[in-house]
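Report on one structure; see the data block that follows.
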């Protein structure tokens with residue numbers, strides 16, 4: 001007959017103690033321990049983190065970990081590229097939070113990549129800067145711009161037509177529409193300023209003789225402009241103002257259309273909880289933290305941007321300088337629903353015009 005093995009109370013106690021010690025190791029190896037892991041992964045468009053560790057994200061991530069014990073793993077990329085990555089990973093989600101620019105936050109929403117979550121403080125954000133369904137909200141307000149090398153140029157180009165000048169041949173570059181958020185913004189501003197899609201595409205066809213070529217990330221263009229490899233590039237106010245300390249040879253400008261008035265539009269960093277986020281509870285804490293009053297006051301003081309919360313009035317030196325940059329610039333509204341519906345057609349037209 002088979003031998004029956006009986007476990008003594010002493011042995012059972014020892015076994016339970018061993019399992020208790022082993023549980024954290026199982027969790028670290030992907031075991032099915034119930035507690036939410038003390039880490040999150042954030043996919044974000046570039047501009048909020050600095051190479052020297054002095055950026056907005058650098059401080060926010062460090063302070064958040066000190067307060068909560070939750071580590072932030074950071075993945076940076078172009079806005080469009082990040083949404084494509086989220087879509088590819090949908091069956092095996094890696095990211096917990098995505099921070100990206102319009103129209104790509106809306107695109108992520110339309111693809112079912114975002115979960116509904118209204119962070120604490122979202123009620124203080126303007127309705128135009130958040131999803132009515134609660135899937136995303138702006139966390140840093142921002143505006144589209146161009147930059148120029150201040151050592152080589154005594155003043156910036158004033159109009160779009162000025163950028164067609166032969167002196168910019170091989171010295172002008174803008175990030176790729178459809179891949180980078182700021183690159184897509186070039187299309188939006190040109191269509192607004194120049195009188196519609198057809199006029200804008202005719203312009204891009206002529207501009208191509210000066211254009212260096214594609215760039216998947218707008219952040220790569222600022223150091224090239226600072227060094228003089230480029231004379232003109234696209235960007236956004238927050239990113240380029242924030243990196244002026246390390247790249248002092250760049251200036252911000254807003255090219256004007258036929259009307260002669262410089263224009264721009266809001267291009268906020270918008271954050272959302274990723275659908276099926278592996279660490280959703282921790283991710284929600286992080287989104288709450290981004291919209292807290294303390295962090296929103298740091299948006300300008302540390303990040304060189306504009307608070308997303310309307311009740312936070314920044315009065316620091318950066319806020320004063322940013323107000324000066326925006327003085328006299330017309331901020332026009334954008335129909336993001338139209339951009340979302342028609343973006344594929346706009347991109348196809350741009351590719352045909354430029355041969356990209």
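The values are calculated or read from the model by the stated rules, or taken from the named source; none is laboratory data. Because the structure is predicted, anything quoted here is derived from the model rather than measured. Cβ atoms come from the backbone with ideal geometry, glycine included; neighbour counts cover every protein chain shown.
Going by the structure shown, is residue 287 touching a strand residue (DSSP E or B) at 6+ places or on another chain (Cβ under 8 Å) and farther than 19 Å from residue 79 by Cα?
When the stated conditions are applied, residue 287 does not pass them.
Kindly indicate whether any position in the stretch 83-105 is at pLDDT below 95 and either surrounded by fewer than 20 Cβ atoms within 10 Å (Cβ to Cβ) or more than 23 Å from residue 264 (Cβ to Cβ) (or both).
Checked against the condition, which is being at pLDDT below 95 and either surrounded by fewer than 20 Cβ atoms within 10 Å (Cβ to Cβ) or more than 23 Å from residue 264 (Cβ to Cβ) (or both), the stretch 83-105 yields no hits at all.
Take the conditions modelled with pLDDT under 95, loosely packed, with under 11 Cβ neighbours inside 10 Å, touching a helix residue (DSSP H, G or I) at 6+ places or on another chain (Cβ under 9 Å) and farther than 18 Å from residue 284 by Cβ and apply them to residue 20. Does it pass? Before the answer, list the steps.
Working: modelled with pLDDT under 95: yes; loosely packed, with under 11 Cβ neighbours inside 10 Å: yes; touching a helix residue (DSSP H, G or I) at 6+ places or on another chain (Cβ under 9 Å): no; farther than 18 Å from residue 284 by Cβ: yes.
It is false that residue 20 is modelled with pLDDT under 95, loosely packed, with under 11 Cβ neighbours inside 10 Å, touching a helix residue (DSSP H, G or I) at 6+ places or on another chain (Cβ under 9 Å) and farther than 18 Å from residue 284 by Cβ.
Can you go through 162, 193 and tell me which one is modelled with pLDDT of 95 or more, surrounded by fewer than 19 Cβ atoms within 10 Å (Cβ to Cβ) and part of a helix (DSSP H, G or I)?
Selected residue: 162, the only one of 162, 193 that is modelled with pLDDT of 95 or more, surrounded by fewer than 19 Cβ atoms within 10 Å (Cβ to Cβ) and part of a helix (DSSP H, G or I).
Going through 198, 202 one at a time, which residue ends up being over 23 Å from residue 151 (Cβ atoms), part of a helix (DSSP H, G or I) and without any contact (Cβ under 8 Å) to a residue 24 or more places away in the chain?
Unique residue meeting the criteria: 198.
Looking at 154, 128, which is the one that is surrounded by fewer than 22 Cβ atoms within 10 Å (Cβ to Cβ) and in a helix (DSSP H, G or I)?
128
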